[in-house]
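One structure below.
The values are calculated or read from the model by the stated rules, or taken from the named source; none is laboratory data. Remember, it's a predicted structure, so these values are computed and weren't measured experimentally. Cβ coordinates were reconstructed from backbone atoms using ideal geometry, including for glycine residues, and neighbour counts include every protein chain displayed. With ligands, DNA and RNA removed, areas are computed over all heavy atoms of the protein, side chains included. Shrake-Rupley method; radii C 1.70, N 1.55, O 1.52, S 1.80 Å.
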Amino acid sequence: MGLTRPAGLPVRGRTALVTGASSGIGAATAAELGSRGCRVVLVGRDERRLAEVAGRTGGQPLPADLTDPAGLDRVAAAAREADLLVHSAGIGWAGDLDSMPAERIAALAAVNLTAPMLLTRAALPQLRRRRGHVAFVASIAVVGVAGEEVYSATKAGLRAFAAGLRHQDGIGVTTVFPGAVRTPFFAGRRYDRRFPRMVGPREVAEALVRGVERGDAEVFVPRWLIAPARLQGALPGTFHRLARRFG
Ligand SMILES: NC(=O)c1ccc[n+]([C@@H]2O[C@H](COP(=O)([O-])OP(=O)(O)OC[C@H]3O[C@@H](n4cnc5c(N)ncnc54)[C@H](OP(=O)(O)O)[C@@H]3O)[C@@H](O)[C@H]2O)c1
């Protein structure tokens, strides 16, 4: 039996819930969805920035902290009304693992991994009934980045969760792996790698929505990043040596 490609979700006339919608990739995704006739619920903590994105996109703001159980409950209730979940909220940390505070490890796990899993679980029955779709914003850091071990682990966890979710009948799943993206995520940090080149959040948002509409399992931005990801999976030793030499 050949592999069947799960159907994508045309977003026009649908309802999407986007976390991380107050900034960066989430805000750009909300704008892209709105421009294609999708209603959008915008989740974030910063009420001023959420209101600004709502004004621009016609979306409905839902202020909530995804590390707070009460906030998660409010977002889960809205997720049950949605045809599409976009999990873009995320935080990073770069530096020496020895000095990474335990609270920061817990916060990365809570925002980047636990919240998307809990929200997806909460919406499962409705997603199945509506033949809905879930999109995850992971990262090329799934290959394992030096100085970003915890961040890499949360994103690799997201990738594995998404791959498991694809076995659920009736639900489409798309995972997006951006390289470096020009957003406040890098605020206060220098980006001095030669590659991958930095892309704008809109480029990621367009690729994400295209992936959802086509039913693509994994989307890399820029596209060539699929090569290091595949190499790391197939030949981790070789990848490690190359990353130390050229990374
Ligand atoms: N920028 C990059 O180079 C890059 C590369 C690969 C992957 N990514 C991933 O892309 C996603 C979006 O990042 P971005 O670049 O767009 O960064 P960003 O501009 O800093 O946006 C991060 C978003 O996450 C939200 N967020 C953080 N903590 C939260 C919490 N506790 N509760 C609710 N919302 C919270 C923020 O909301 P508030 O500001 O309102 O708190 C904000 O909307 C992240 O998952 C990140 O890991 C980014």
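Please get the size of the charge dipole for the chain, origin at its Cα centre, with Cβ charges of +1 on Lys and Arg and -1 on Asp and Glu, quoted in debye to the nearest 20. Its charge dipole is roughly 780 debye.
A probe of 1.4 angstrom, applied to the heavy atoms of all protein chains, finds residue 93 with accessible area near 60 square angstrom. Ignoring the sites themselves, the chain has its longest run without trypsin sites (Lys or Arg not before Pro) in a DSSP loop having at most 12 other Cβ atoms within 10 Å at 13-188. Along the positive direction of the dipole of the chain (beta-carbon charges: Lys, Arg +1; Asp, Glu -1; about the Cα centre), which of 186, 138, 109 reaches farthest? It is 138, whose Cα lies furthest towards the positive end.
What number comes out for the charge environment of residue 97, summing +1 per Lys or Arg and -1 per Asp or Glu over other residues with Cβ under 13 Å away?
On the way: positive: 104; negative: 96, 98, 148, 149.
Neighbourhood net charge equals -3.
When 225, 231, 62 are compared by accessible surface with a 1.4 Å probe, the order from highest to lowest is 231, 62, 225.
Legend: translational diffusion of segment 15-246 by Stokes-Einstein, Rh = Kirkwood radius over C-alpha pairs, 25 °C, 0.890 mPa s; D = 138 µm²/s. Each residue, residue 80 and residue 242, gets one label point 7 Å from its Cα in the Cβ direction; the gap between the two is 4.7 nm.
The residue 103 and residue 192 beta-carbon pair, evaluated with R₀ = 25 Å, returns a calculated FRET efficiency of approximately 0.35.
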